[in-house]
């Protein structure tokens, strides 16, 4: 049975074995054309005289057999060697294909009670205190507007001291939401840059008590967020848990995007709107934290804009 590959078959192809150089294994060579000669030699024969190229450890060698195994096996004239069916050896392509995307369930909860969705926005705990220190800490850092040719609105992100939050991840979530093609710059009118200095808009994550104080005289009842006086004050309890209705019809990530866009929308001059009709997409300025139905949850001002 001729072997494909032409004259080069007498050259052995080496496959490296990742072993400790101090451990020597005998080198193995496949028998001639995969045919048994009737004397039951092993399918792979030991070659102790071959050293793996590039190292002093042994190697697994695949290719032609040693010369003594290719010699005449002494079969009587005219009698054919019996064929032996050998086990299938898979051929591995030495060129790796493109990596396939790995999808994660963002709602899977770990032993600490946090989901991937929680971790991605900087939550370090799901405990919700009603009050903390009352001191707001600016998250350090800045990032340019992705569209500097538009009107640039600057954003400063702050977190109440004492909350179990990674400020950098929270700030990244805010900016990713506002600069999403479906957010307020989706009509080409604006773009958002982050700063830790003076800013057009402050986005603040704070306890219910602190938000109530920042929103007064508007009564947020310890439950709601607000956008006024130049700050979008986000209620930490809502940020962590969302609302029961919203989680039944959507997910916590969508709710968090909605809260950022809704409260910043107020600072851009947008007022509340109502659900236009049953089954229709809720406008982002609808008070979806109060009630979404009979509309469908929607966190974006321009939800039909393509992403990416």
Per the filter on segment 245-262, residues in contact (Cβ under 8 Å) with a residue 60 or more places away in the chain and under 19 Å from residue 185 (Cα atoms) are 256, 257, 260, 261
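Quick grid of which residues meet (1) over 21 Å from residue 113 (Cβ atoms); (2) crowded, with 16+ Cβ neighbours inside 10 Å:
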site	(1), (2)
239	no, yes
262	yes, yes
279	yes, no
286	yes, yes
Considering only segment 114-142, how many residues are assigned to a loop (DSSP other than H, G, I, E, B), touching a residue at least 40 places away in the same chain (Cβ under 8 Å) and more than 23 Å from the chain's Cα centre (by Cα)?
10
Which of the residues spanning segment 162-174 are more than 15 Å from residue 233 (Cβ to Cβ) and out of contact with any helix residue (DSSP H, G or I) (no Cβ under 8 Å at 6 or more places or on another chain)?
162, 164, 166, 167, 168, 171, 172
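Values in this text are rule-based calculations from the coordinates and carry no lab data. All of these numbers come straight from a predicted model, not from anything done at the bench. Cβ coordinates were reconstructed from backbone atoms using ideal geometry, including for glycine residues, and neighbour counts include every protein chain displayed.
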